[in-house]
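What follows is a short report on a single structure.
The values are calculated or read from the model by the stated rules, or taken from the named source; none is laboratory data. Keep in mind the model is a prediction, meaning the values are calculated, not measured. As a convention, Cβ positions derive from the backbone with ideal geometry for all residues, glycine included, and neighbour counts pool all protein chains shown. Calculation scope for accessible area: heavy atoms of the full protein, side chains included, ligands and nucleic acids excluded. Shrake-Rupley method; radii C 1.70, N 1.55, O 1.52, S 1.80 Å.
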Amino acid sequence: MKSTLLKMSHICKSYPGVKAINDVSIDLFAGEVLGIMGENGAGKSTLIKLLAGAEKKDSGEIYIDEKKVDINSPKASQENGVSVIYQELITMDTLSVAENIFVGQLPVNKVTKLIDWKAAQKKSTEVLALLNSNIKPKSIVATLSVYEKQIVEVAKAIHKNAKVVVMDEPTAALSEKDSKSLFKVIENLKNQGVGIIYISHRIEEVFKISDRITVMRDGKLIATKQTKDAEKKEIISMMIGRELNQFFPEIKSEKKGVMMKVSDLNINGIIENISFEVKKGEILGIFGLVGSGCLNIARALIGVDDIDQGEIHINGKKTSIKNPKIALKNNIGFIPIDRKNEGLTLNFSVKQNLTLQSIDELGSSFIIQESIENSIAEKWVKKLDIKTPNIEVEVKTLSGGNQQKIVLGKTLEINPEILVIVEPTRGIDVGAKMDIYKMLENLCKEGVAIILVSTDVPEILSISNRVLVVSNGKIRKEFKKGEANQQELLYEASLN
Amino acid sequence: MKVWLKKLIYSDDIVGALGIFLVLLVVFFSVMTPHFFSLMNFNSIIGNIPAMAILCLGLTFVVLVGDLDLSLGSILGITAILAVFFFKVMHFPLWLNLVSCVIIGGIFGAFNGAIVTKIGINSIITTLGTMALIRGLTYWIAMDVDAMQVGRITDPAFLNFGRYYFPEKSRLIPITLVYLVILYGASALFLNHTSFGRQIYAVGSNEATARLAGINVKRVRFVCFIIAGMLSAFGGLVLVAQLGLGEAYTGQNMILEVVTAVVLGGVLLTGGKGRLTGVIIAVLILGVIRNGMVHLEQVTDISFYWRDVAKGVILLLAIGLYSVRKSFNAKRLRTRQ
Amino acid sequence: MKIIGNKITTNMSLFAFLGFLIIVFSFTSEHFLGIYNITSLLTNISYSGIAAIVLTLIIISRGLDISIGGVIGLTTVVIATLYSQSDPLPVWLILIIGLSTGALVGLLNGWCITVLNMDPIITTLGAMAITRGLAYVISDSQSILMFEDTTDFISNGTILFIPIPIILFLITALIFSIILHKSKFGRAVYAIGANETSASLSGISVKKVKMILYVLSGLAASISGIILVGQTSVGMPQHGIGTELEVITAVLLGGTALSGGKGTIYGTIAGVLILGVLFNGLTISGVRYVHLQIFQGILLLAAVATYEIKTRNEVAT
């Protein structure tokens, strides 16, 4: 007997300039797993936020158990039986497992008004047993592994009689063994009539665990199919869908020798035996899904993370990149993944941000020469076509695309020979994207070696001269330009 | 890395380590000085700590919830003055005096709590401000209100409140010890076994998650400030009873030691973690050091004032150890992205 | 530019308030505007103002230094002790040792905060205990009198009729104004306070900058100590008690936010002046010294509350 647990009908949600969710209708039956797949920017995270009550929808209706509900706050979401297990776990690490499961609702002895710990522990053990777990309720959560913490979150959801459980990239931080355990847990939940929305990039997993698959793209619902009737390559095509060459310029490179050589980079438990070369004027793409280790590689190259083993040679010379300052000294520029918190200082002005990595160049003495600062800022505003009223406004007032251009301009000012850029065009309008691509093209012509870490498949395929596919912390395969299409790339990266 | 160092850094049971440290200290002073190890001296140590211990209890509530309260010494001070005033001028009976002062302490605590939760100012700056404000009020009342120039309290009932011993003849157990046992015991029960007590820990551990779970975060924080205020007032009453008088400067320099004891006792400054057992042992440790240093000065040439330096060093070591642990753990918990 | 706009209005209202206070006090006491009082007032302001100027930079970088008072006490004791030896060291050497005291404490603070990543508030709280304690140890809780007042010159001497402490304050204000608002180092300080991650990724040596700031703060506290010991001719372990609160109040009053990234030297100067005029005016009007704490507490709370509410309104719009 399958009842419609959750029905989202004609949901729309827009942010300034972006239609995040455009007329999306989804339904979820009791006891089923609905996989939702889509690229970055497809609208998955917005969907989660709406279900969790963290954001309010612009229009459309939500029904739980065939009754219309108004999820306008996290509390409302929980009261209506929706439980979201985020990628970033929000456990109370200093407290015990039982307390996390029962937070705010610990069982109380009616007579003494004291907490009935025995009952709490007994119930916790029961719930955990349903999840095939023998975690002790008394354990402090801080001592648990990531998987165990996730189980605690699931237990919390079940205890609150969640009807709909949303899991966001649940296996991103899990080992294969733990992932298998998680799947057993999901099977148990299904048997109890819980409906699960499973959001993941990993196509093999989605095919293994889900009953139906919904594909989203650019805020729209593309299709929903029964998993048993679907083909992996078909799903991936639906995810991608954009015509490749219409938007992205073909970047011709002029290779002139090896700029950087990475040998056997190792961070224990994170990345293993990473080796590659980047030539001058070449764009090397590094592609991997969430949890693959790509970001760790990027961070190691710019000196944010420590390497346990391995060597980096720049222009033939062995270099140790211990911190970002040394990276900059070695002419390695970078665009970090989080432009608001890592790339920019939001309260600073346009010109202050553009000159932040080159403060030493702002004059020969210890005083900042405003004329130099101004000219540098004006130069980049012009070169990158940054749309801003003037160079004195705070960058937080600018749009995403212009903010990203400022991050780019800031790092280009140091005349980098190597550029490590992560997700350069995420959340940016098409016009700004093209400007950035044009800039990258120019840089290639000038002989800059570019390492591009991106999960935007069309982008990385069309710009890069070569693409390295990374998964589980290792390099799986290398594609030269034209050797792979989008489906193959995504497929390779989704394998374990 | 050496095993004992690793254990020190990774182990979660600080109470055990504190207990051992306390024992070592007692042994050290007993060996180095002739009169340290005696019943009379131990009674003296215990007699000196009640006010401090009660303030530490109050501060623990606030720190557990993730805040800090630097005004507790001032609340103790104003209570001391008011207690004398109520007694000598208003002729309150003991019970009325006690109740009024504790209520006033709670009001000051509520003032702190309101500023922190309603206006949203950082608790450190807030209580820095109220610390000065209340101390200023204390001096004003003590010096300018003519009726306050009262001198000592001589009423035996009041004095007994702080000085009584059981049993009367052999003077074994001071009544202040009883207060501590009751207050710490009740607080432990409250914090560990009641719903609200666990909410305090929840808010301190992860405020956002607590809020999501429906806990009224503002109310929890507010109440903790009130509790701290009331306990500080009680501590002031005990101190006045012990000393026989209350002056404008009473409690003026206590807050540093109170913070040291709480931090040393293993209460996490970020909130959500801490055991009262640790706090009371830390209080004893500081008390033993203070007492022991006095004895040490009589035997050696080591100035008694080194104890303040020692307290500062202990605070830094305690926090330093915690910070080092945090860095090690952060490195251990790297994830693949 | 919004930032400058806010700076101007904040500073303008501060100076307006200052003017108001001056007017009020000129009525409540006939001595207020006298040359003797003004000199005394400005000298007292210089005493705490020097530390306030440096603390501004520390707070902008999202740190705090509560150990100022302890360093002052220790410095006065060290200097007085060295000075009253039977065969004392030359004055310039004594002064250097005095300055080193503060610098060393600053070094200790900076090391704990940058290398061990300890919380600045607790660290400097511990430093305050240690310095205060050391002052008691060295002086054995006695006040140490200095009879030959050569350091008198430092505190009581004048250049062009202006007392030296005031000149020191003006020089410090000028230097740090340039450093904070116009130099590369100052840009780094703002960057660290506004977003430490971004600053670190942009190649700014966060550890180095912070270390320098704390050493400077220790130095500034020592200078205040030198001024104090010269003025009072006595080295006491009790010197400086309460100064840290005064200094923090002045800086926060001037519009520097505890959350970092915001603040100006002009604001701090205004804050220091307001606090100084307030205390001086009240004292001269008969209010006792110990009651000034009430005003200090109220002022601190009122100022921080006002700025907090104002910021919240700005964010909402």
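Computed values, structure above
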{"item": "Mean-position separation - Cα centroids, the range A:330-402 and the range C:257-275, in angstrom", "result": "26 Å"}
{"item": "Computed over the range B:51-252, Kirkwood Rh from alpha-carbon pairs, angstrom", "result": "17.4 Å"}
{"item": "Ordering of B:55-67, C:185-197 by packing [mean C-beta count within 10 Å, highest first]", "result": "B:55-67, C:185-197"}
{"item": "Inter-centroid distance (Cα atoms) of the range A:76-115 relative to the range B:11-48, Å", "result": "41 Å"}
{"item": "Solvent exposure ordering (accessible area, 1.4 Å, most first) of A:Asp338, A:Asp264", "result": "A:Asp264, A:Asp338"}
{"item": "Taking the range A:4-240 and dividing mean pair separation by its residue count, relative contact order in percent (alpha carbons under 8 Å, at least six apart)", "result": "28 percent"}
{"item": "Whole-angstrom gap from the range C:55-71 to the range A:9-33, using each part's C-alpha centre", "result": "51 Å"}
{"item": "Accessible area per residue in Å² at 1.4 Å probe, computed on chain A", "result": "42 Å²"}
{"item": "Normalised contact order of chain A, rounded percent, pairs of Cα under 8 Å and 6 or more residues apart", "result": "16 percent"}
{"item": "Pairwise burial C:B, computed as accessible area of each alone minus the pair, summed, 1.4 Å, Å²", "result": "3300 Å²"}
{"item": "Largest-first ordering by accessible area, 1.4 Å probe, given options C:Val77, B:Val102", "result": "B:Val102, C:Val77"}
{"item": "Gain upon complete extension [C:Glu30, C:Ile171; 0.36 nm per residue less C-alpha separation]", "result": "47.7 nm"}
{"item": "Cβ-based charge dipole, chain B, positive-most Cα from B:Ile107, B:Val217, B:Leu284", "result": "B:Val217"}
{"item": "Electrostatic dipole magnitude of the protein assembly as shown [Cβ: Lys, Arg +1; Asp, Glu -1; Cα centre; debye, to 20]", "result": "2280 debye"}
{"item": "HN-Hα J in Hz across the range A:311-321 - Karplus 6.51, -1.76, 1.60, θ = phi - 60°, x for Gly and Pro", "result": "10, 10, 10, 10, 6, x, 9, 5, 10, 10, 9"}
{"item": "Residues losing 30 Å² or more accessible surface upon assembly, the range A:90-106, compared with the chain by itself, 1.4 Å", "result": "A:Ile90, A:Met92, A:Thr94, A:Leu95, A:Glu99, A:Val103, A:Gly104"}
{"item": "Relative contact order for chain C, counting Cα pairs under 8 Å that sit 6 or more residues apart, in percent", "result": "34 percent"}
{"item": "Accessible area buried at the A-C interface, both sides summed, 1.4 Å probe (Å², nearest 100)", "result": "2100 Å²"}
{"item": "Of C:Gln231, C:Gln85, C:Gln142, the one that fluctuates the most in a GNM where chain C has Cα springs shorter than 10 Å", "result": "C:Gln85"}
{"item": "Net charge dipole size for the range B:51-252 [Lys, Arg +1 and Asp, Glu -1 on Cβ; Debye, nearest 20]", "result": "380 debye"}
{"item": "Residue among B:Ala213, B:Ala188, B:Ala114 with the largest mean-square fluctuation in a Gaussian network model of chain B, springs linking Cα atoms under 10 Å", "result": "B:Ala213"}
{"item": "Mean projected area (nm²) of the alpha-carbon convex hull when the range C:30-309 is viewed from all directions", "result": "15.3 nm²"}
{"item": "Accessible-area composition of chain B, carbon plus sulfur, in percent [1.4 Å probe]", "result": "68 percent"}
{"item": "Cβ-based charge dipole, chain B, positive-most Cα from B:Leu57, B:Ala83, B:Thr130", "result": "B:Leu57"}
{"item": "Cβ neighbours within 10 Å from other chains - mean over A:112-121", "result": "2"}
{"item": "The protein assembly as shown - Kirkwood radius from inverse mean 1/r over Cα pairs (Å)", "result": "33.1 Å"}
{"item": "Charge-dipole axis of the protein assembly as shown as Lys and Arg at +1 and Asp and Glu at -1 on Cβ define it, positive-most pick from B:Asn329, A:Ile151, C:Ala129", "result": "A:Ile151"}
{"item": "Accessible carbon and sulfur surface of the range A:266-359 relative to its total accessible area, %, 1.4 Å", "result": "43 percent"}
{"item": "Mean Cβ count within 10 Å, highest first, over the residues of peptides B:320-326, A:341-347, B:32-38, A:31-37", "result": "A:31-37, A:341-347, B:320-326, B:32-38"}
{"item": "Base-10 log of normalised Debye intensity for chain A (one unit scatterer per alpha-carbon) at q = 0.07, 0.08, 0.10 Å⁻¹", "result": "-0.44, -0.57, -0.86"}
{"item": "Pairwise FRET efficiency - A:Gln369 versus C:Thr311, Cβ, R0 = 22 Å, nearest 0.05", "result": "0.10"}
{"item": "Cα-centred dipole magnitude for chain B, charges only on beta-carbon of K, R (+1) and D, E (-1), debye, nearest 20", "result": "1500 debye"}
{"item": "Partner chain coverage, peptide B:190-197 - average Cβ within 10 angstrom", "result": "4"}
{"item": "Span-rule helices in chain B, defined as complete DSSP H runs reaching 20 Å or more along the axis (Cα) with Kyte mean at least -0.5", "result": "B:14-32, B:50-64, B:72-88, B:94-114, B:123-144, B:175-193, B:217-243, B:276-299, B:306-332"}
{"item": "Most to least accessible of C:Ser205, C:Ser29 (protein chains only, probe 1.4 Å)", "result": "C:Ser205, C:Ser29"}
{"item": "Chain C - percent of accessible surface contributed by carbon and sulfur, probe 1.4 Å", "result": "70 percent"}
{"item": "Shielding of B:305-318 by partner chains, average beta-carbon count, 10 Å", "result": "6"}
{"item": "Accessible surface, chain C, averaged per residue in Å² (probe 1.4 Å)", "result": "40 Å²"}
{"item": "Cross-link pairs A:Lys19/A:Lys149; A:Lys405/A:Lys481; A:Lys438/C:Lys207; A:Lys329/A:Lys387; A:Lys329/A:Lys351 - those with Cα-Cα distance over 28 Å", "result": "A:Lys19/A:Lys149; A:Lys438/C:Lys207; A:Lys329/A:Lys387"}
{"item": "Where only alpha carbons of chain B are counted, the Rg and the Dmax (Å)", "result": "20.8, 71"}
{"item": "Accessible area buried between chains A and B, both sides summed, probe 1.4 Å, in Å² to nearest 100", "result": "2400 Å²"}
{"item": "Exposure of C:Ser48 as accessible area (Å², to 10), given a probe of 1.4 Å and all protein chains", "result": "10 Å²"}
{"item": "Accessible area in square angstrom per residue, the range B:91-146, 1.4 angstrom probe", "result": "39 Å²"}
{"item": "Per-peptide average of other Cβ atoms within 10 Å, ordering A:46-55, B:227-236 highest first", "result": "B:227-236, A:46-55"}
